[in-house]
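Chemist: This is the structure I have questions about; it appears just below.
The values are calculated or read from the model by the stated rules, or taken from the named source; none is laboratory data. Owing to the predicted nature of the structure, the values given are computational and were not obtained by experimental measurement. Every residue, glycine as well, gets a Cβ built from its backbone with ideal geometry; the counts of neighbours run over all protein chains shown. Accessible surface areas use protein heavy atoms only, side chains included; no ligands, DNA or RNA. Shrake-Rupley method; radii C 1.70, N 1.55, O 1.52, S 1.80 Å.
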Amino acid sequence: SHPPLCPPGIKCGGVLSAPSGNFSSPNFPGLYPYETECMWLIVVAEGSSVLLSFSHFELEYHDACAYDYLQVYNGAARDRGNLLGTFCGHSPPPPFSSAWHVMAVVFRSDRHVAKHGFAAAYRKDACGGQLTGLSGEITSPRYPESYPNDAECRWSIGGAGSGPLTLVFADFQMEGGQGCGFDYVALFDGPTVTAPRLGRYCGSARPPRTISSTPHLLIIFKSDFNIGGRGFKAHFYSAGECQEVFTAIKGNFSSPQYPNFYPNNLKCQWSIHLPPGYRVKVFFLDMELEGRSSLTGGCDYDHLSAFDGGTENGALLGRWCGRESPAPVTSHSNQLLLVLHTDRNTAKRGFSIAYVGVVPMNVSCTRTDFHIQIPVQSLAQLERNRIYLGTPSCAARVVGRNFKIHTRFDTCGTESQRRNNTSVIVSTLYIDFSVGDQEDIHQYEVQCEPKRKEASVTLIAGPDSYRLRQAENLVDAQQWEGEVMDAHEIKSQDTSDIIFISICILAGLLMVIAVVGLVLL
């Protein structure tokens, strides 16, 4: 017999607000109706999480679950950033624990092939649970109020990312005691208590940042029969996708799951830390985040921020959201931090970023010569012939602690150009970081305005030899704080200037003599 279309009288979906309960597909355990869509929104007390499990599950099967399906959301439905999974066929979904006090379940059937459907149960999980997000927040029961006596909670984190997990305590205040024998928080490097213990903490000192060696972390909170405290608040995130440190001279990275929608409830950090003297230049290749607030016009929801230095205490270089195409950003030091915040709803595609280390260099010029110097320690792995102006025959030489190039304008591939109605001398400085078959040559355009003796240098090609868009002036006549030029180089500058001035004076004298001669005649 064919199942009927869902009659108006059949209860389908709704808001479930009791501390625990059950729900099932329409007509369960009979065949569910065709062309049906139901949505259950489970809302428990704030500060709690929802634990959801399935006792029966049988839906029409399809490789991509494109016909009949069930979706579980970590929060409000219809937001792909909250989606925990889409399920069909005969394999039941695993038990889920929400990252906050709201969870949604959507069931949909098409116009063909009906099955018996599903039965599910949920309960308010006052503390503890299975957490599967890339990042999230954990608090002790009733936080920031005093936690209850005789409590025991277990949070098992894992399953979302493939990298280790980082746990950071934002607040911590519990009963103290020798050996933490009364109230305590214990951390284990794995999914169970048989895993190596990472620490056991009590009192009012915040535990140190903890990093697991596996993609799983177990947190146990226990209180005894008396004397409590405010408890704790902690954040966790999966390293690899959500927490990375880069030390290479160039690189690229993207938001979690890019170009698919990023998860909600994230705080991810990418730290770029280069050798002393370098600066970090970041190029935004693609960006689509949740848009600006219609009330304030600001990036109040999901946003990406860049900080000068290694921490969020550094100067803010920019804060972006929506479908912006930010101009490249350059740090003032050798460190730059990027932080992605996402809220509880409205996820988007995310971002893709490339960065390159700007080599510290001093470029100056006279009316006839270029002078370039780069600290050897900045390019310690490179031979001098890997640094050249125009052609490989114009390679740098090592003088003291610097690579130096001193060349006349009529050599080394220099050419005269007219820019903004001004005559300038232009050449290309090549720094060859290639290893084996991997070509990686960074190019800087070196420019001199001879009349004013003003030099500048611009990064024109960086990571992976592609021309980076919106190349900007990086070192505009900026003096590198290093050794002063050798005396003979300074002398060569002075000599060229003296010769030029002498020619001008001689020409002036000849003109005066000619005028006087004409008058006398």
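Chemist: Which residues' amide hydrogens lie under 5 Å from the amide hydrogen of Leu16, considering only partners 5 or more residues apart or on another chain, with H built in the peptide plane?
Modeler: Those qualifying (amide H under 5 Å, at least 5 residues apart or on another chain) are Leu41, Ile42, Val43.
Chemist: Write down the Å³ per residue value for the convex hull defined by the alpha carbon atoms of the stretch 165-257.
Modeler: In the stretch 165-257, the Cα convex hull volume per residue is 124 Å³.
Chemist: Continuing with this model, one more query. Show me the GluC sites (Glu not before Pro) within the stretch 33-111 that DSSP assigns to loop and that have at most 13 other Cβ atoms within 10 Å of their Cβ.
Modeler: Glu35, Glu46
Chemist: OK, next. With an 8 Å Cα cut-off and a minimum separation of 6 or more residues, compute the relative contact order for the stretch 13-125 in percent.
Modeler: 44 percent
Chemist: While we're looking at this one, here's another question. What order do you get for 295-305, 413-423 when each peptide is scored by the mean count of other beta carbon atoms within 10 Å, highest first?
Modeler: Those peptides, ordered most packed to least, come out 295-305, 413-423.
Chemist: Here's something else I'd like to know. Express the Stokes-Einstein translational diffusion coefficient of the stretch 337-455 in µm² s⁻¹, to the nearest whole number, given a Kirkwood radius over alpha-carbon pairs, 37 °C and a viscosity of 0.692 mPa s.
Modeler: Stokes-Einstein gives a translational diffusion coefficient of 198 µm²/s.
Chemist: Can you list the lysines whose alpha carbon sits under 18 Å from that of Lys404, skipping same-chain ones fewer than 8 residues off?
Modeler: Lys491
Chemist: Let me ask another. What does the charge add up to near Ala347, with Lys and Arg as +1, Asp and Glu as -1, over the other residues with Cβ less than 12 Å from its Cβ?
Modeler: Residues near Ala347 contribute 0 overall.
Chemist: Also: Counting Lys +1, Arg +1, Asp -1, Glu -1, what net charge surrounds Pro392 among other residues with beta carbon under 12 Å of its beta carbon?
Modeler: Taking every Cβ under 12 Å from that of Pro392, the sum is 0.
Chemist: List the lysines whose alpha-carbon lies under 23 Å from that of Lys222, not counting same-chain residues fewer than 8 positions away?
Modeler: Reachable lysines: Lys124, Lys233.
Chemist: Now for a separate question. Just add up the charged neighbours of Asp224: K/R +1, D/E -1, any other residue whose Cβ is under 9 Å from the Cβ of Asp224.
Modeler: Around Asp224, the charge tally is -2.
Chemist: Leaving out same-chain residues fewer than 8 places away, which lysines sit with a Cα under 17 Å from that of Lys250?
Modeler: Correct list for Lys250: Lys281.
Chemist: Where does the stretch 271-398 land on the Kirkwood hydrodynamic radius, alpha-carbon pairs, in angstrom?
Modeler: Across the stretch 271-398, the inverse of the average 1/r is 17.2 Å.
Chemist: Using only the Cα atoms of the stretch 13-125, what semi-axes does the equivalent ellipsoid have when each is the square root of 5 times a gyration tensor eigenvalue? Give whole Å, largest first.
Modeler: Square roots of five times the eigenvalues give 23, 14, 12 Å.
Chemist: Sequence gap at least 6, Cα distance under 8 Å: using those rules, report the relative contact order of the stretch 71-200 to the nearest whole percent.
Modeler: 16 percent
Chemist: What do you reckon, how do Leu429, Leu316 stack up by accessible area (1.4 Å probe), largest on top?
Modeler: Leu316, Leu429
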